[in-house]
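Remarks on the structure that follows.
The values are calculated or read from the model by the stated rules, or taken from the named source; none is laboratory data. Remember, it's a predicted structure, so these values are computed and weren't measured experimentally. Every residue, glycine as well, gets a Cβ built from its backbone with ideal geometry; the counts of neighbours run over all protein chains shown. Quick note on the areas: whole protein, heavy atoms, side chains included, nothing else; ligands and nucleic acids left out. Shrake-Rupley method; radii C 1.70, N 1.55, O 1.52, S 1.80 Å.
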Amino acid sequence: MKEIIVKCPGTVANLVCGFDILGLALNEPSDIMEVKLLDEPKVIIHNRDAYNLPTDPERNVAGVVFLSVMEKVGGNIGFEVTIEKHIKPGSGIGSSAASAAGAAVAANHLLGNRFSSDEVVQFAMNGEKLASGVKHADNIAPCILGGISLIRSIHPLDIVSIPSPDLFVTVIHPQIEVRTSDARQILKQQVLLKDAIRQWGNIAGLVTGFMKNDLDLVGRSLEDVIIEPVRSILIPGFDEVKRKCKEAGALGGGISGSGPSVFMLSRDEPTARNVESVMKEVYTRIGIDFYTYVTTINKKGVEVVEKQV
Ligand code: HSE
């Protein structure tokens with residue numbers, strides 16, 4: 001079997017207080033990639049979508065992941081991929097991570113699953129580095145593993161899967177551009193001790209809330225006193241949408257990844273749909289186009305479908 005299809009989920013990174021260390025996978029949207037193993041050392045990329053992403057492997061997120069696998073394995077192997085993106089690049093819901101994770105999982109599968117899941121994450125992080133300038137795994141890990149991931153450490157890699165409650169996730173993607181590299185550059189490099197104390201209290205509370213299925217604790221812990229106050233200025237309507245979503249019953253939420261998408265967690269689908277209506281009202285009034293998703297936490301991560309050839 002030399003050709004497979006992978007389905008790669010969108011992800012929400014940071015989960016409000018866990019900048020660069022927490023993320024969850026979504027059941028919607030997801031990308032599709034068809035990947036073929038070649039017997040010569042080259043990478044061929046086709047796009048089956050309207051985003052016009054680079055097909056030069058050195059400039060393509062999936063391309064650099066395949067190249068890193070080839071460098072590691074050596075010999076006469078290569079990959080041909082057709083990418084069908086449904087996760088819009090620059091949306092803040094893990095578009096680059098989906099391509100990177102899909103490429104790493106597909107390559108590993110086609111090579112007989114010879115690499116551990118940590119090694120697959122390492123390969124995929126090369127793609128994230130190309131996209132954002134930094135090797136972070138808070139989108140990559142949940143994309144590959146599904147559910148909620150804690151990145152306790154990058155060097156050395158230490159990823160912990162956290163049991164995820166059956167929550168509903170509402171996402172709005174306002175059609176404005178926020179580049180991850182810009183959203184990282186504006187961050188302050190120093191943090192006040194009182195803010196750090198509040199933040200790590202929230203991170204510990206959030207993880208404990210997930211593990212104990214204590215949704216009130218999850219809600220109380222969805223607070224970010226370090227990153228959100230800086231980044232939210234890049235997202236028109238952010239404070240209003242957050243306040244109104246909580247009034248509509250959301251447990252809480254915030255910026256998805258580096259934005260511009262905003263996400264909210266809810267206990268049940270009717271609440272998640274009310275939250276969606278509130279989000280739509282705010283952005284309709286402000287006059288910014290948007291897409292919304294009401295979905296659940298994806299527990300499987302990248303899925304491999306074998307293709308009959
Ligand atoms: N943790 C990263 C950030 C996710 O917030 O910059 C971006 O995809």
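Is there a residue in the range 38-61 that is within 16 Å of the ligand (Cβ to nearest atom) and crowded, with 17+ Cβ neighbours inside 10 Å?
The initial filter retains those residues of the range 38-61 that are within 16 Å of the ligand (Cβ to nearest atom), namely 61.
Pick out the ones that are also crowded, with 17+ Cβ neighbours inside 10 Å and you get 61.
Checked the range 38-61: at least one residue is within 16 Å of the ligand (Cβ to nearest atom) and crowded, with 17+ Cβ neighbours inside 10 Å.
Can you report the number of residues in the range 120-138 which are away from the ligand (no atom under 16 Å from the Cβ) and either in contact with a helix residue (DSSP H, G or I) (Cβ under 6 Å, 6 or more places away or on another chain) or in the same structural domain as Arg184 (by TED's automatic domain parsing) (or both)?
Residues of the range 120-138 that are away from the ligand (no atom under 16 Å from the Cβ), as a first pass: 120, 122-123.
Then drop every residue that is not either in contact with a helix residue (DSSP H, G or I) (Cβ under 6 Å, 6 or more places away or on another chain) or in the same structural domain as Arg184 (by TED's automatic domain parsing) (or both), which leaves 120, 123.
The qualifying residues number 2.
Starting from the range 128-143, keep only residues that are in contact (Cβ under 8 Å) with a residue 12 or more places away in the chain and open to solvent by 10 Å² or more (accessible area, probe 1.4 Å), then list their pairs with residues that are within 7 Å of the ligand (Cβ to nearest atom) and part of a loop (DSSP other than H, G, I, E, B) whose Cβ atoms are within a distance under 7 Å, requiring at least 6 positions of separation or different chains.
Here the result reads His136/Asp20; Asn139/Gly94; Asn139/Gly257, each pair linking the range 128-143 to a residue that is within 7 Å of the ligand (Cβ to nearest atom) and part of a loop (DSSP other than H, G, I, E, B).
Please find, within the range 104-119, the residue that is farthest from the ligand (Cβ to nearest atom) out of those that are closer than 13 Å to Gly301 by Cα and surrounded by 24 or more Cβ atoms within 10 Å (Cβ to Cβ). Quick ask: steps written out before the conclusion?
Our first condition is that a residue be closer than 13 Å to Gly301 by Cα; within the range 104-119, this holds for 104-106, 117.
From what's left, surrounded by 24 or more Cβ atoms within 10 Å (Cβ to Cβ): 104-106.
Values: Ala104: 16, Val105: 19, Ala106: 21 Å.
The selected residue is Ala106.
Any idea which of (1) modelled with pLDDT under 95; (2) surrounded by fewer than 19 Cβ atoms within 10 Å (Cβ to Cβ); (3) not aliphatic (A, V, I, L, M) is the one Ser153 doesn't satisfy?
Exception for Ser153: condition (1).
Within the range 170-178, can one find any residue that is of a type outside the set (Gly, Ala, Ser), surrounded by fewer than 18 Cβ atoms within 10 Å (Cβ to Cβ) and free of Cβ contacts under 8 Å to residues at least 12 places away in the same chain?
no
Before we move on, is Val230 among the aliphatic types (A, V, I, L, M) and more than 22 Å from Ala183 (Cβ to Cβ)? Please lay out each step first, then the result.
On the way: among the aliphatic types (A, V, I, L, M): yes; more than 22 Å from Ala183 (Cβ to Cβ): no.
Spelling it out, it is not the case that Val230 is among the aliphatic types (A, V, I, L, M) and more than 22 Å from Ala183 (Cβ to Cβ).
Rundown of residues vs (1) touching a Phe, Trp or Tyr at 6+ places or on another chain (Cβ under 7 Å); (2) within 20 Å of Ala272 (Cβ to Cβ), yes/no style:
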| site | (1), (2) |
| --- | --- |
| Asp195 | no, no |
| Val207 | no, no |
| Met211 | no, no |
| Arg220 | no, yes |
| Val225 | no, no |
| Ser232 | yes, no |
| Leu251 | no, yes |
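Which number in (1) under 20 Å from the mean Cα position of the chain (by Cα); (2) buried (at least 21 other Cβ atoms within 10 Å of the Cβ) marks the one condition that Val275 misses?
That leaves (1) as the condition not met.
Could you list, in sequence order, the residues of the range 191-238 that are open to solvent by 50 Å² or more (accessible area, probe 1.4 Å), within 16 Å of the ligand (Cβ to nearest atom) and of a type in the set (A, V, I, L, M)?
Hits for the range 191-238 are Val191, Ile233, Leu234.
Scanning for something under 22 Å from the mean Cα position of the chain (by Cα), more than 14 Å from the ligand (Cβ to nearest atom) and either basic (Lys, Arg) or under 22 Å from Glu276 (Cα atoms) (or both), does the range 253-263 turn up at least one residue? Steps first, please.
Of the range 253-263, the ones under 22 Å from the mean Cα position of the chain (by Cα) are 253-263.
Going one step further and asking which of them are more than 14 Å from the ligand (Cβ to nearest atom), we end up with 253.
Still in the running and either basic (Lys, Arg) or under 22 Å from Glu276 (Cα atoms) (or both): 253.
There is at least one residue in the range 253-263 that is under 22 Å from the mean Cα position of the chain (by Cα), more than 14 Å from the ligand (Cβ to nearest atom) and either basic (Lys, Arg) or under 22 Å from Glu276 (Cα atoms) (or both).
Residues are listed down the side, and each one gets a yes or a no for (1) out of contact with any Leu (no Cβ under 8 Å at 6 or more places or on another chain); (2) at pLDDT below 95:
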position	(1), (2)
Thr180	yes, yes
Gln185	yes, yes
Leu193	yes, no
Gly201	yes, no
Ala204	yes, no
Val207	no, no
Asp214	yes, no
Gly219	no, no
Leu222	no, no
